[in-house]
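Structure record follows, encoded as C-alpha cells.
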Amino acid sequence: MAAMSQSRPYHHGDLRAALLAGAERTLREKGTTALSLRELARDTGVSHAAPGRHFKDKQALLDALALNGFERLNQALDSADLPDAALERRITALARTYVSFAVGNPELLELMYSRKHDPDIDTELAAAAEHSLGCFVLLVADAQRRGEIVQGDPEAVTLAAAAGIHGLASLATNGTLQPEAVLAGLDQHIHLMLHGLKPR
C-alpha cells in the first residue's frame, strides 16, 4: 500500500491546484479534446468523483484554466509595466512580456481567447480578460496625455498596436517565425509600429 500511495502524484494539500496543473499538462501535450475529469482524477491519483467538488463539468474546468491563464498573464504584465518610462520603452516591455507568455503557453493562450468571446462567459473570467487589454489602453491614455502618441479613442489606438503585437505572438507560436527571432527583433518592430514606415 505504501508503495502504491507513493506512486500517486497527489497526496494532500490543494487538490484544485493539482487538478489545474494536471489539466494544463494535458492541454499542452494533447489539446482540449483530451481533457476529461475522469482521466484527470486518475492521473492525479484521486477518486473519479473528487474533481466534481471543484469543477461541475469539463466547461467549468476549461473556464478555470482560462482564468488562471489570464491571472498569470495579468500579473506578468503588471510587473513588467514601467509607468514613468517613455512610451517606446514602456510598450516594448509589455510587448516582450506578452509575446514571451504566448511562446511559453500557446495552447493555454488559445483557450483563453476562445473563452473570452463566449457570450456565456463568467464575470470573473470576463474581468480578467479585460484587464490584459486594459493595461495597454492605460498605457495609450497616459501617452496621449503626455503628447507621445496620436490623439483619439484610446481603445481604438490600442487595438491598432495590440493587433501587431498579437500578430507577432501568433507568428512565433504557429511555427511561421522562430520565437527567438521574434523576441530578438521586438525592439525594432515596436519602433516601426510607433514611427511608421514612411521615410523621414
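Where a number appears in this text, it was derived from the coordinates with a stated rule and is not lab data. No experiment lies behind these values; they were computed from the predicted model shown. Positions of Cβ are generated from backbone atoms using ideal geometry, with glycine treated the same way; all protein chains shown enter the neighbour counts.
Which of rounded, prolate, oblate describes segment 93-200, given a ≥ b ≥ c as roots of the alpha-carbon gyration tensor eigenvalues and a/c under 1.5 marking rounded, otherwise prolate only if a/b is larger than b/c? Oblate. For the chain, the membrane-span-like helices by this rule, meaning whole DSSP H stretches whose C-alpha atoms cover at least 20 Å of axis and whose Kyte-Doolittle mean is 1.0 or above, are 154-173; this says nothing about an actual membrane. For every other residue with a beta carbon closer than 15 angstrom to the beta carbon of residue 130, add +1 if it is Lys or Arg and -1 if Asp or Glu, then tell me the sum. Surrounding charge for residue 130 is -4. Each part gets one Cα centre, and for segment 73-137 versus segment 43-64 those centres are 26 Å apart.
Which one, (1) 10.0; (2) 11.5; (3) 14.2, gives mean projected area of the Cα convex hull in nm² as derived from the coordinates shown? Comparing each candidate, only (3) matches the computed number. Straight-line reach only, C-alpha to C-alpha below 19 angstrom: list the aspartates and glutamates that residue 198 could link to, leaving out same-chain residues fewer than 8 apart. Result set, ordered by chain and number: 88, 148, 187.
Projected label points at residue 192 and residue 88, each 7 Å from Cα along the beta carbon direction, are separated by 1.5 nanometres.
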